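Asks: Have a look at this one.
The values are calculated or read from the model by the stated rules, or taken from the named source; none is laboratory data. The shown structure was predicted, so the numbers you read here are calculated from the model rather than taken from an experiment. All Cβ positions, even for glycine, are placed from backbone atoms using ideal geometry, and neighbour counts span all protein chains on display.
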Amino acid sequence: MNRVFERVCLLLAPLALLSATPALAAAPAIPEVTESPAPTTWLAQAGTIETVLLFETESMAVRVYRSGSSLFMNLYNKATDVVDLRAAPTQLVPSTRDQTVYKAGGEAERFARINVLNETELEIIAANGSVVLKEPGFNTVVGVSSGSTDFRGNNFAPGTPAIVLSAEAARLRSAPRLGSTILGTAPRRAVVEVIDRGGNPNDGFIWYQVIYEGTTGWVRGDLLQPT
């Protein structure tokens, strides 16, 4: 699973900051992005962006992110290794008080849901109203607002360089959680470029996606301080 999430996280990183990541049952087809992908940047976006919601399902990886004041959605098909949806305009739709729902339209409607228990779900509904896909999510990462937060770790906006505070080298991980693959390290007092921020509901920490000497990975928020 670490390998899958490593690839997903690399695919979701901003293009401007990267240089170097069971099939669905028979159902009404939805359009796929078929252009030849560039290595490790298939879901990349330009400019400053920030993750709002990121999770996996059995067959997909889902990312809702904010660019300026607008929301967008990306869907990565783990079975085919193809981006099914890229930078689709997304809206926050009315829902119950204990659930947040993001909707991306088109020939098929995609719904990314998260409830107050941080349980997630992806549902895809074809134009004829039939359900193409409905799967629960896991490995959830949620957006973190600037200012006061219940997540532990220093809280600052992406786009800000940061200094490594750890007594030893900070480990750049493939996913925003302990136990994920270590991709590289950044020594104490090194300055890293911060490109994304998310909160892990399972461990309670803010995590930052950073770049250090060409390696992109996630570092826990208590190990970084903005310059």
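Asks: Condition first: at pLDDT below 95 and more than 17 Å from the chain's Cα centre (by Cα). Now tell me which residues in the range 170-194 satisfy that.
Replies: Gly179
Asks: Follow-up. Restricting attention to the range 141-156, which residues are surrounded by fewer than 18 Cβ atoms within 10 Å (Cβ to Cβ) and not in a loop (DSSP other than H, G, I, E, B)?
Replies: Arg152
Asks: Restrict the check to the range 204-214 and report whether at least one residue is in a loop (DSSP other than H, G, I, E, B), in contact with a strand residue (DSSP E or B) (Cβ under 6 Å, 6 or more places away or on another chain) and modelled with pLDDT of 95 or more.
Replies: Yes; the residues of the range 204-214 include at least one that is in a loop (DSSP other than H, G, I, E, B), in contact with a strand residue (DSSP E or B) (Cβ under 6 Å, 6 or more places away or on another chain) and modelled with pLDDT of 95 or more.
Asks: What is the one condition in (1) aliphatic (A, V, I, L, M); (2) touching a strand residue (DSSP E or B) at 6+ places or on another chain (Cβ under 9 Å); (3) closer than 30 Å to Asp222 by Cα; (4) surrounded by fewer than 15 Cβ atoms within 10 Å (Cβ to Cβ) that Val131 does not satisfy?
Replies: The number of the failed condition is (3).
Asks: Out of Ile195, Ile182, Ile206, which single residue is of a type in the set (Val, Ile, Thr) and farther than 27 Å from Phe72 by Cα?
Replies: So the residue among Ile195, Ile182, Ile206 that is of a type in the set (Val, Ile, Thr) and farther than 27 Å from Phe72 by Cα is Ile182.
Asks: Follow-up question, since we're still on this one. Select from the range 122-140 the residues that are out of contact with any Gly (no Cβ under 7 Å at 6 or more places or on another chain) and assigned to a strand (DSSP E or B) and list them in ascending order.
Replies: Residues satisfying the conditions are Glu123, Ile124, Ile125, Val131, Val132, Leu133, Lys134, Glu135, Pro136, Phe138, Asn139, Thr140.
Asks: Out of the residues in the range 195-211 that are over 16 Å from Ser145 (Cβ atoms) and crowded, with 20+ Cβ neighbours inside 10 Å, which is farthest from the chain's Cα centre (by Cα)?
Replies: Ile211
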